[in-house]
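Student: Can you keep this structure in mind? I'll have questions shortly.
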Amino acid sequence: MSILIQKPLPEEYHRLKPEELDARIAAARSALGSEVVILGHHYQRDEIIKHVDFTGDSFKLSRLAAGRREAKAIVFCGVHFMAESADILAADHQRVILPNLEAGCSMADMANREQVEACWQQLTAVVGDGTVPITYVNSSADLKAFCGERGGAVCTSSNAVSIITWALSQGERLLFFPDEHLGRNTSVKLGVPTDQLVVWDPEQELGGNTPEQLRNARVILWKGFCSVHQRFTVEQIAAAREKYPDVRVIVHPECRHEVVQAADDDGSTEYIIKRITEAPAGTTWAVGTEVNLVHRLAQQQPDKQIFCLDPVVCPCSTMYRIHPMYLLWVLDHLLQGEVVNEIVVPPDIIAQARVALDRMLGFA
Ligand code: 13P
Ligand code: SF4
């Protein structure tokens with residue numbers, strides 16, 4: 001991803017009190033009516049979530065972006081790769097807006113096209129053809145295009161099982177990027193033997209593997225991770241079980257494999273919400289995902305005990321960059337007929353990235 005710089009907001013936005021921001025966002029939103037749809041990822045802070053039209057995980061938000069053709073503007077309260085996916089899936093007349101251009105994703109930044117192309121070349125030189133590239137949706141649009149061009153697809157945490165199953169049936173092996181952990185968790189779930197999983201470190205020749213290891217591999221996992229989910233540990237799970245013997249532990253599949261194995265369940269943010277919401281009153285839940293979502297669940301469902309597995313609060317700092325003043329600023333411009341912070345994916349990249357995203361959406 002090229003580095004995007006957010007231009008400073010006019011001073012008046014910084015001076016607004018939370019209740020003023022709230023009232024002005026609500027007024028702007030209602031004046032804009034159905035010309036605008038505001039989407040919010042589950043990790044957004046409460047002050048944003050209360051103003052969005054729809055919330056969702058990455059998969060649900062992609063579908064919503066593809067389906068709201070009446071809206072001329074899609075305001076995406078999430079991170080950059082999500083807004084890019086929305087632009088790829090949106091119709092030509094729709095403009096996608098990211099309220100703060102500096103809301104990126106550190107995991108998505110761990111693989112770029114140059115590195116992945118270098119990997120592909122080295123890999124092909126050793127193993128020949130027959131590799132299917134799969135990118136996690138947390139990646140730049142040009143990596144989605146890379147997959148589209150080579151018979152691969154995108155996946156999210158809610159459909160990784162179906163997409164990886166499909167990919168394994170299409171080729172002799174798959175290259176999965178940028179999240180090592182989602183790739184490993186899903187592959188092991190599908191019965192891929194652990195000695196056929198190798199990690200590709202882009203800083204090393206052949207990714208740090210021998211030619212023999214690569215020839216034997218069924219899945220090649222990019223060495224990337226989420227700094228938020230990396231914090232959850234097996235020790236935290238043990239401590240939660242000791243304190244609350246009936247606790248149910250549910251984590252996101254971006255957590256390390258041993259954490260997912262020690263948990264009772266894992267899934268996308270939408271899945272985590274569903275499982276907890278459907279559970280009986282009186283149950284206790286330790287949740288291994290971003291803390292804004294966990295706190296909201298705890299507030300909304302006081303009949304259950306819900307807490308974050310990591311006692312040290314750790315929000316996704318990039319999601320957190322969508323502050324209400326940025327949301328108001330983009331809505332104020334829309335009221336004046338102006339689009340700021342538009343996310344525009346170049347047409348040649350859209351064409352190929354769309355192939356990979358459409359393949360994924362076909363699995364719903
Ligand atoms: P979900 O698709 O499960 O919402 O996950 C997105 C994400 O970035 C998790 O870190
Ligand atoms: Fe990226 Fe992790 Fe934040 Fe998700 S939680 S957007 S993977 S940095």
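The values are calculated or read from the model by the stated rules, or taken from the named source; none is laboratory data. In this text the structure is predicted, and so the values were computed from the model without any measurement. Every residue, glycine among them, receives a Cβ derived from its backbone with ideal geometry; neighbour counts consider all protein chains shown. Remember, those area values only see protein heavy atoms, side chains included, never the ligands or the DNA or RNA. Shrake-Rupley method; radii C 1.70, N 1.55, O 1.52, S 1.80 Å.
Student: Sticking with the crude label model, points 7 Å out along Cα→Cβ, report the distance from residue 125 to residue 317 in nm, one decimal please.
Tutor: 3.7
Student: Any idea how far apart residue 203 and residue 23 come out in nm if each label point goes 7 Å out from Cα toward Cβ?
Tutor: In this crude spin-label approximation the distance works out to 5.3 nm.
Student: Among DSSP bridges having both ends in the chain, what percentage is antiparallel? Round to the nearest 5.
Tutor: Within the chain, antiparallel bridges account for around 5 percent of the total.
Student: Quick check on region 203-321: take the gyration tensor over C-alpha atoms, sort the square-rooted eigenvalues as a ≥ b ≥ c, and tell me if it's rounded (a/c under 1.5), prolate or oblate. Please list the in-between numbers first.
Tutor: Working: a/c = 2.51, a/b = 2.00, b/c = 1.25.
Prolate, because a/c is 1.5 or more and a/b exceeds b/c.
Student: Counting Lys and Arg as +1 and Asp and Glu as -1, each charge on the Cβ, what is the dipole of the chain about the Cα centre in debye, to the nearest 20?
Tutor: It comes to approximately 620 debye.
Student: Rounded, prolate or oblate: which one fits the chain, using the alpha carbon gyration tensor with axes a ≥ b ≥ c (rounded when a/c is under 1.5, else prolate when a/b beats b/c, else oblate)? Spell out each step's value before the answer.
Tutor: On the way: a/c = 2.02, a/b = 1.23, b/c = 1.64.
Since a/c reaches 1.5 but b/c is at least a/b, the shape of the chain is classed as oblate.
Student: Sort 241-247, 312-318, 50-56, 148-154 by packing, meaning the average of other beta carbons within 10 Å per residue, with the highest value first.
Tutor: 148-154, 50-56, 312-318, 241-247
Student: Quickly rank 175-186, 22-33 as a protection proxy: mean count of other C-beta atoms within 10 Å, highest first. Present the calculation step by step, with values, prior to reporting the outcome.
Tutor: On the way: 175-186: 26.5, 22-33: 15.2.
So the order, starting with the most tightly packed, is 175-186, 22-33.
Student: Accessible area of region 207-271 with a 1.4 Å probe: how many percent of it is carbon plus sulfur?
Tutor: 47
Student: What FRET efficiency comes out for residue 215 versus residue 257 if R0 is 25 angstrom and r is the Cβ-Cβ distance? Round to the nearest 0.05.
Tutor: 0.60
Student: Right, next: So if each residue of separation counts as 0.36 nm, and I subtract the Cα-Cα distance between residue 34 and residue 113, what length gain in nm does that give? Walk me through the numbers on the way to the answer.
Tutor: On the way: separation 79, 0.36 × 79 = 28.44 nm, distance 3.69 nm.
Additional length available on full extension: 24.7 nm.
Student: Grab the beta carbon distance between residue 300 and residue 63, set R0 = 22 Å, and tell me the FRET efficiency rounded to 0.05.
Tutor: E between residue 300 and residue 63, to the nearest 0.05, is 0.40.
Student: Something else now. Hey, can you find the accessible area per residue of the chain for me, probe 1.4 Å, expressed in square angstrom?
Tutor: 42
Student: Another question, if that's okay. With r defined as the distance between the Cβ atoms of residue 16 and residue 70 and R0 fixed at 25 Å, what FRET efficiency is calculated, to the nearest 0.05?
Tutor: Approximately 0.25, to the nearest 0.05.
Student: A follow-up question, please. What fraction of the DSSP beta bridges in region 13-165 is antiparallel, stated in percent and rounded to the nearest 5?
Tutor: So the antiparallel bridges amount to about 0 percent of the total.
Student: Keeping to pairs on different chains or 8 or more places apart, tell me how many lysine pairs in the chain have Cα atoms under 20 Å apart.
Tutor: Close lysine pairs under the 20 Å cut-off: 10.
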